[in-house]
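Each value in this text was obtained by applying a stated rule to the coordinates, not by laboratory testing. Everything numeric in this text was worked out from a predicted model, so none of it was measured. All Cβ positions, even for glycine, are placed from backbone atoms using ideal geometry, and neighbour counts span all protein chains on display.
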Amino acid sequence: MATTTTIGQRVFASVPDNVLLIAGEYLRQFKVTNQWMRIRIGVLCAHTPDSTNNITDCGFFLGICTGNVGMGSWFTPYFVGASLIGTSTAAATRTMTYNANTNDPYYSFSAGHSFKKIETTLTAIASTTATVGFPAFTGWRKRRAPFYVDITKTLGGSGAATVTVYGLASGNVNQDYRPDHFMAGLDTFGTPVCNGVTLTVLATTATTVGEEMGPLDTFNLVWTRTQFPLEVSALGASVVFSNPAYTTAGGADETFEQYYPYAGTAISDGSTPVPSGVLSGGTGWSGPIILGGSYANPSVQIGLAGTSAGFPNDTFETYAVGSLYSGGSVGGIGWGGAIIVGGSYSNPAAQVGLAGTSAGFPDDTFESYGTGTVISGSTINAGTGWQGAAYIYP
């Protein structure tokens, strides 16, 4: 399946809103590499219905991956996230069921799961509860719905992490969630609250996350139904990261036993007072402790890094209608690189054969190759519609 992406326009509560119409894979690299403790990624979306019909075979994957090779590729170095409609296995049922719901129609999803994909191997983490899905973009009240995935590392460097998936519960799909509501839920700890609604935990389970194939540093969204594109109003990532400090003295610890409890109080026991704003004493540190920091200086950081200053997020208001297209790329706000629109998705499990032409077909008739040009064990260095040389693996 080829990737097609464009910027369109929808109207919510009489206010125009640019949306990303996506059928395929969206990849966007963060500015941080693996120096993070928690990442919350999210997407705010809706869907134009096929009359009142159910829609089948809808792969909807949200997570993070290594580099610009995501879940949509046959060979994925590392992906961790969630399949929001059905499980990630090749034979999974991925059905969006249409619910009329008077003036607020919506789709419900087949139950999915959180999972990992390492190279070609899929490993389930936890099943998600069946969710209300997202609104059908029809009727007089147009609406959007948020989804979030958290990946939180456990302190100590063991590779342990907890993956948590959030979505709407039934009864909460009858109102619209704007991009500012979505960003408020993204830029918080704990269960996100959007437009006064506390989202539902669809799954939360500990697992192990490895980065031996490279840092998990890229936002990854996959939608597989080309005939019925996903309509994305906003997406973003909130990153909490920490760079530990070390000194040549090897200590760099603080019990605060050597500090007098009240700054400015007369000292009679030899302890150090605490000046306002700065802890200037201690053992083994190379300088005073400064409590503060900002996105411009992420090495000294308390709190969230990534969205509270306005990045990295995309509401698509900065893009012109029609500015994205199949196979293209474009910049944005605060991300580490351009949007990469490419790849294919025809089968999330291991495949046999070639996949990924920009012409839209995961096959090759080899009519464009000369006799003797393909050598066993090397690359196919010609062809039509491929983004680069193809590799044959044993």
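Ranked by the mean number of other Cβ atoms within 10 Å of their residues, highest first, the peptides 37-46, 23-32, 193-202, 158-167 come out as 37-46, 23-32, 158-167, 193-202. With the highest mean first, a sort of the peptides 147-155, 72-80 on other beta-carbon atoms found within 10 angstrom per residue produces 72-80, 147-155. Taking a straight line from the alpha carbon of Lys117, these lysines sit under 27 Å away, with near neighbours fewer than eight places off in the same chain left out: Lys31, Lys153. How long is the gain from Asn101 to Ala206 if the chain were fully straight, where each residue apart is worth 0.36 nm and the alpha carbon distance is subtracted? Value of the extension gain: 34.2 nm.
Amide H contacts for Val19 (H built 1.01 Å from N in the peptide plane; partners 5 or more residues away or on another chain; cut-off under 5 Å): Gly8, Gln9, Arg10. Multiplying the residue separation of Thr52 and Glu119 by 0.36 nm and removing their Cα-Cα distance gives an extension gain of 20.3 nm. Size descriptors for the range 53-93: radius of gyration and Dmax over Cα atoms are 11.4, 37 Å.
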